[in-house]
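Below: the structure, in structure tokens.
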Amino acid sequence: MNLQQQLAQFPRLDLVGSATPLEKLSRLSDYLGREIYIKRDDVTPMAMGGNKLRKLEYLAAEALRQGADTLVTAGAIQSNHVRQTAAVAAKLGLHCVALLENPIDTQAENYLTNGNRLLLGLFNAEVVMCEALHDPQQQLADLATRLEGQGFRPYVVPVGGSNALGALGYVQCALEIAEQSRRSGVAFSSVLGGFRQRRHACRVGGRPSATAAGD
């Protein structure tokens with residue numbers, strides 16, 4: 001059984017659609033003396049784009065499989081992950097509850113009410129503010145328990161969508177890159193991704209699943 005067949009065993013929603021572009025960064029390539037390409041996941045089709053949608057293809061599919069009617073997640077008040085989770089919930093006709101913290105020392109109205117926070121309202125997400133996400137896993141579990149007591153069927157999406165199931169989205173992305181490489185004739189020697197100020201360099205020749213080491 002090959003990798004694609006193994007992935008097919010897991011429920012997945014097609015939220016990303018067609019492959020996102022691999023764009024050559026010509027000026028940076030000239031400057032560094034190497035061919036540099038960027039995977040343009042900023043143009044994924046929902047809620048102004050972003051790579052978190054790849055994780056949600058698997059996480060939201062599992063939520064539906066379990067019969068959930070609510071997606072519950074957490075993050076900073078301007079979290080991109082929370083924004084995309086709320087958008088996916090709206091698309092699927094699910095309720096969304098977002099547990100948010102304000103991680104920076106500001107009470108500026110523009111920061112607290114605009115940007116991603118504004119979009120949460122447009123997606124009809126319920127926002128619960130907390131002082132800090134000191135133990136997000138437990139805090140999300142407590143919130144889910146409270147929602148169950150109110151008659152909801154919640155599915156907890158971890159912060160950033162970061163768990164083993166969500167990581168399958170990056171395995172799928174690696175296969176996508178490998179196919180784009182094959183079709184374009186451009187052979188990539190490595191894939192470099194930066195997550196939470198860490199860098200992960202992964203060889204891709206014959207081992208596309210290595211990019212699943214990402215956040």
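The values are calculated or read from the model by the stated rules, or taken from the named source; none is laboratory data. This structure is a prediction, so every number in the text was calculated from the model and none was measured. Reconstructed Cβ throughout: ideal geometry from the backbone, glycine too, with neighbour counts over all protein chains shown.
Every residue, every condition in (1) at pLDDT 95 or above; (2) in a loop (DSSP other than H, G, I, E, B); (3) in the same structural domain as Val72 (by TED's automatic domain parsing), yes or no:
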| site | (1), (2), (3) |
| --- | --- |
| Leu143 | yes, no, yes |
| Arg146 | yes, no, yes |
| Gly151 | yes, yes, yes |
| Leu192 | no, no, no |
| Ala201 | no, no, no |
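I'd like to check something: does the range 21-40 contain any residue that is touching a helix residue (DSSP H, G or I) at 6+ places or on another chain (Cβ under 6 Å), farther than 16 Å from Leu192 by Cβ, of a type in the set (A, V, I, L, M) and touching a residue at least 24 places away in the same chain (Cβ under 8 Å)?
Kept after step one, since they are touching a helix residue (DSSP H, G or I) at 6+ places or on another chain (Cβ under 6 Å), are these residues of the range 21-40: 22, 35-36.
With the extra rule that they be farther than 16 Å from Leu192 by Cβ, the set shrinks to none.
No, every residue in the range 21-40 fails to be touching a helix residue (DSSP H, G or I) at 6+ places or on another chain (Cβ under 6 Å), farther than 16 Å from Leu192 by Cβ, of a type in the set (A, V, I, L, M) and touching a residue at least 24 places away in the same chain (Cβ under 8 Å).
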Selected residue [within 28 Å of Leu175 (Cα to Cα) and out of contact with any Leu (no Cβ under 9 Å at 6 or more places or on another chain)] from Ala19, Ala108: Ala19
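Does the range 35-44 contain at least one residue that is surrounded by 23 or more Cβ atoms within 10 Å (Cβ to Cβ), part of a strand (DSSP E or B), touching a strand residue (DSSP E or B) at 6+ places or on another chain (Cβ under 9 Å) and modelled with pLDDT of 95 or more?
Going through the range 35-44, the residues surrounded by 23 or more Cβ atoms within 10 Å (Cβ to Cβ) turn out to be none.
No, the conditions are met nowhere in the range 35-44.
Can you confirm whether the range 50-65 contains a residue that is surrounded by fewer than 17 Cβ atoms within 10 Å (Cβ to Cβ) and touching a Gly at 6+ places or on another chain (Cβ under 8 Å)?
As a first pass, look at the range 50-65 and keep what is surrounded by fewer than 17 Cβ atoms within 10 Å (Cβ to Cβ): 64-65.
Subsequent filtering for residues that are touching a Gly at 6+ places or on another chain (Cβ under 8 Å) retains none.
No, there is no match, as no residue in the range 50-65 is surrounded by fewer than 17 Cβ atoms within 10 Å (Cβ to Cβ) and touching a Gly at 6+ places or on another chain (Cβ under 8 Å).
Among the residues of the range 77-84, are any assigned to a loop (DSSP other than H, G, I, E, B), touching a helix residue (DSSP H, G or I) at 6+ places or on another chain (Cβ under 7 Å), touching a residue at least 24 places away in the same chain (Cβ under 8 Å) and among the hydrophobic types (A, V, I, L, M, F, W, C)?
Our first condition is that a residue be assigned to a loop (DSSP other than H, G, I, E, B); within the range 77-84, this holds for 77-79.
The next check asks that each one be touching a helix residue (DSSP H, G or I) at 6+ places or on another chain (Cβ under 7 Å); those that pass are 77-79.
Of the ones still in play, those that are also touching a residue at least 24 places away in the same chain (Cβ under 8 Å) are 77-79.
Within this subset, residues satisfying the condition of being among the hydrophobic types (A, V, I, L, M, F, W, C) are 77.
Yes: the range 77-84 contains one or more residues that are assigned to a loop (DSSP other than H, G, I, E, B), touching a helix residue (DSSP H, G or I) at 6+ places or on another chain (Cβ under 7 Å), touching a residue at least 24 places away in the same chain (Cβ under 8 Å) and among the hydrophobic types (A, V, I, L, M, F, W, C).
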Filter result for the condition that a residue is in a helix (DSSP H, G or I), within 16 Å of the chain's Cα centre (by Cα) and either at pLDDT below 95 or assigned by TED's automatic domain parsing to the domain that holds Gly149 (or both), over Val72, Val88: Val88
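Go through the range 144-153 and give me each residue that's surrounded by 10 or more Cβ atoms within 10 Å (Cβ to Cβ) and over 19 Å from Leu64 (Cα atoms).
First, pick out the residues of the range 144-153 that are surrounded by 10 or more Cβ atoms within 10 Å (Cβ to Cβ): 144-148, 152-153.
Of everything in the range 144-153, just one residue is surrounded by 10 or more Cβ atoms within 10 Å (Cβ to Cβ) and over 19 Å from Leu64 (Cα atoms), namely Arg146.
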